[in-house]
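Below is one structure, written out as structure tokens; the observations come after it.
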Amino acid sequence: MPAGNLLYYALVALVIALIAGLLGFGGIAGTATGIAQILFYVFIVIFLVVLIVNFLGRGRGPIV
């Protein structure tokens, strides 16, 4: 799953949480907020792993 999809789902969950919070659905808003936080942290971890792998692989030539 590409990291862009995870960011999209985190933002969708955040928007759902905001709308549910405005409409007074506290339980749904709390659940959607939790999902958005989990997806956000997963996205950050994937980003850091890709960044480290890219940094460590700079000195090597292309893999054939």
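The values are calculated or read from the model by the stated rules, or taken from the named source; none is laboratory data. Quantities reported herein were computed from a predicted structural model and do not represent experimental measurements. Cβ sites come from the backbone with ideal geometry, for glycine too, and all protein chains shown count toward neighbours. Ligands, DNA and RNA are excluded from the accessible area calculation, which covers all protein heavy atoms including side chains. Shrake-Rupley method; radii C 1.70, N 1.55, O 1.52, S 1.80 Å.
If I go through the range 1-32 residue by residue, how many of them are assigned to a helix (DSSP H, G or I) and either modelled with pLDDT under 75 or among the aliphatic types (A, V, I, L, M) (or both)?
Taking the range 1-32 first, the residues assigned to a helix (DSSP H, G or I) are 3-23, 26-32.
Going one step further and asking which of them are either modelled with pLDDT under 75 or among the aliphatic types (A, V, I, L, M) (or both), we end up with 3-7, 10-20, 22-23, 26, 28-29, 32.
Within the range 1-32, residues that are assigned to a helix (DSSP H, G or I) and either modelled with pLDDT under 75 or among the aliphatic types (A, V, I, L, M) (or both) number 22.
When restricted to residues that are open to solvent by 80 Å² or more (accessible area, probe 1.4 Å), of a type in the set (Val, Ile, Thr) and touching a residue at least 40 places away in the same chain (Cβ under 8 Å), the range 31-57 contains 1. For the range 1-30, enumerate the residues that are β-branched (Val, Ile, Thr) and either open to solvent by less than 70 Å² (accessible area, probe 1.4 Å) or without any contact (Cβ under 8 Å) to a residue 12 or more places away in the chain (or both). Matches in the range 1-30: 12, 15, 19.
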